[in-house]
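The values are calculated or read from the model by the stated rules, or taken from the named source; none is laboratory data. The shown structure was predicted, so the numbers you read here are calculated from the model rather than taken from an experiment. Ideal geometry is used to build each Cβ from the backbone, glycine not excepted, and the neighbour counts take in all protein chains shown.
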Amino acid sequence: MKNLILFILLALAIVTSCKKTDKQSRNLTESTFPGSYRWVLTTGGIYEHHLTPATEGYNMTYTFNSDSTLIIVQGSNSNSQHYSVGTGNSITFSTSAEKFTYNHHQDTLELIAPCCDMYNYTFVRLP
């Protein structure tokens, strides 16, 4: 009887610890991704910088379009470029040789630069 209870508890622990696929974590190519995102935080660097629109004195938005164009507005400057999504949550921009890793959960987008001191850019979706 003890073995049966122990087996049931072990089976329950395994089943409840299994991680379900997060439906909110989606690939950038899905229709839920295109949209405008406001920059809220950048962290990283040798001295673990914490940069925000308030500390830097400007706002920044990234608008991802479904045709793979990206419009970046930083302060009063804007530019347009193309982006492409690769395997393993990677994204590249046409104006940068650097490949970023992304995490997209609900209304938050994180772009992580794996080199250059691991800068992490956090954005939130605009309404």
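In the range 86-111, the residue that is nearest to T55 (Cα to Cα) out of those that are surrounded by fewer than 17 Cβ atoms within 10 Å (Cβ to Cβ) and of a type in the set (V, I, T) is T108. Scanning the range 41-51 for residues being modelled with pLDDT of 90 or more and surrounded by 13 or more Cβ atoms within 10 Å (Cβ to Cβ) gives a total of 4. Look at (1) in contact with a strand residue (DSSP E or B) (Cβ under 8 Å, 6 or more places away or on another chain); (2) modelled with pLDDT of 50 or more; (3) not basic (K, R) and you find that I14 fails only one, number (1).
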